[in-house]
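Engineer: Please see the structure below; I have some questions.
Laboratory data are not the source of any read-out in this text; all were calculated from the coordinates shown. Quick caveat: nothing in here was measured; it's all calculated off a predicted structure. Positions of Cβ are generated from backbone atoms using ideal geometry, with glycine treated the same way; all protein chains shown enter the neighbour counts.
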Amino acid sequence: MDVIERWSGRYACLLQSALRLGNEQFAAHLGIAVRTVATWHSDAAVVPRREMQQLLDTAHEQAPAAARQRFALLLAKEQAPADSTPPGAQALRVAIAVVVRDSDVLLVCRRDDDAAGITWQFPAGVIKPGGKAETTTVRETLDETGVHCAVRQHLGNRLHPVTGVLCEYFLCEYLAGEAINSDAAENIHVMWVPRNAVPRFIPVVTIFPPVLAVLEEQT
């Protein structure tokens, strides 16, 4: 669970959004005046007094698991590094393949546990300048796993909350091939995993929400 060292008006509003409560409902939930919640919305930098900090801590700790996950996602987006790409330079872009086969999805395990703490993940590859994301998705999946796939749908893009890299996500359909570790220099394992088991391998708070929606379909 994410721990907030010090609540601000902005963080309080993120918690409210995660709980899906209006101003009056959120105020009643905390046992405070509606005008206090309105103040948080008008001044994101305001720091609530100590007893209010404790109320927010309790609301966060007692929130349903789904609400805590939403809060973590909102918090990750809030804290994502700002784009610092120099003028004229191209930001690092990565194509990510969510390859489904019936009720399973394809995962790879990176050889080294890097500084970002990512180990298990979906097949991915850097999009070269001038290259097409869809082509990269299909090519890198084949190169890494031996699996042939076809892009079915673009799921969207975001700055990854852990790495800060611009990620393009694609839902892909399995065509042929056995899942094997075709890139032993980068990966230590490749396997098909039941969609509902993915959170056991990848922290759910780091999974792109549209990808979560895909994983929840037909499970």
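Engineer: Using the Karplus equation 6.51 cos²θ - 1.76 cosθ + 1.60 (θ = phi - 60°), what ³J(HN,Hα) coupling, rounded to whole Hz, does each residue of segment 159-166 give in order, writing x for Gly and Pro?
Structural biologist: 7, 4, x, 9, 8, x, 7, 6
Engineer: Can you compute the charge dipole magnitude of the chain about its Cα centre, using +1 on each Lys and Arg Cβ and -1 on each Asp and Glu Cβ, nothing else charged? Give it in debye, rounded to the nearest 20.
Structural biologist: Details: 20 positive and 25 negative charges, 124 e Å.
Result for the chain is approximately 600 debye, rounded to the nearest 20.
Engineer: For residue 155, which sequence-distant residues (separation of 5 or more, or a different chain) have an amide H within less than 5 Å of its own amide H, given hydrogens modelled in the peptide plane?
Structural biologist: Answer set, sorted by chain and number: 169, 170, 171.
Engineer: Another question, then. Starting at the first residue of segment 122-135, write each ³J(HN,Hα) from the Karplus equation 6.51 cos²θ - 1.76 cosθ + 1.60 with θ = phi - 60°, in whole Hz, x for Gly and Pro.
Structural biologist: Values per residue, Gly and Pro as x: 7, x, 8, x, 6, 7, 6, x, x, x, 9, 4, 4, 5 Hz.
Engineer: Which of rounded, prolate or oblate describes segment 1-54 when judged by the alpha-carbon gyration tensor and an a/c cut-off of 1.5? Provide the component values of the computation, followed by the final result.
Structural biologist: Details: a/c = 1.40, a/b = 1.19, b/c = 1.17.
Taking the square roots of the gyration eigenvalues as a ≥ b ≥ c, segment 1-54 is rounded.
Engineer: Explain nothing, just the number: relative contact order of the chain, from Cα pairs under 8 Å at least 6 residues apart, as a whole percent.
Structural biologist: Working: 350 pairs, mean separation 41.9, N = 219.
Relative contact order for the chain comes out at 19 percent.
Engineer: Within the P(r) computed for the chain, what percentage of the Cα pairs occupies the region above 32 Å?
Structural biologist: On the way: 7456 of 23871 pairs.
The answer is 31 percent, as a whole percent.
Engineer: Under the rule of at least 5 residues apart or a separate chain, name every residue whose amide H is placed under 5 Å from the amide H of residue 127.
Structural biologist: Residues meeting the amide H criterion: 93, 94, 95.
Engineer: Karplus couplings for segment 51-67 from phi (6.51 cos²θ - 1.76 cosθ + 1.60, θ = phi - 60°), rounded to Hz, Gly and Pro as x?
Structural biologist: Karplus values, whole Hz, x for Gly and Pro: 5, 6, 4, 5, 5, 5, 4, 5, 4, 5, 5, 8, 5, x, 4, 5, 5.
Engineer: Here's another thing I want to ask about it. Against the longest alpha carbon principal axis of the chain, how many degrees, from 0 to 90 and to the nearest 10, is the axis of helix 9-19 turned?
Structural biologist: Here the helix axis deviates by roughly 70 degrees.
Engineer: Taking C-beta distances below 4.7 angstrom as the pairing criterion, name the unpartnered cysteines of the chain, in sequence order.
Structural biologist: By the Cβ distance rule, which asks for a partner under 4.7 Å, the isolated cysteines are 13, 109, 167.
Engineer: Could I ask something else about it? Is the C-alpha gyration tensor of segment 108-219 telling us rounded, prolate or oblate? Criteria: a/c under 1.5 is rounded; beyond that, a/b larger than b/c is prolate, otherwise oblate.
Structural biologist: Values: a/c = 1.07, a/b = 1.06, b/c = 1.01.
The shape class here is rounded.
Engineer: Further question on the same structure: Excluding residue 144 itself, what net charge comes from residues whose Cβ is under 10 Å from its Cβ, given Lys and Arg +1 and Asp and Glu -1? Walk me through the intermediate numbers first.
Structural biologist: Values: positive: 139; negative: 140, 143, 183, 186.
Result for the local shell: -3.
Engineer: Same structure, new question: Which shape class, rounded, prolate or oblate, goes with segment 156-219 when its Cα gyration tensor gives a ≥ b ≥ c as root eigenvalues, a/c under 1.5 marks rounded, and past that a/b bigger than b/c marks prolate? Spell out each step's value before the answer.
Structural biologist: Working: a/c = 1.59, a/b = 1.20, b/c = 1.33.
Oblate, since a/c reaches 1.5 and b/c is not below a/b.
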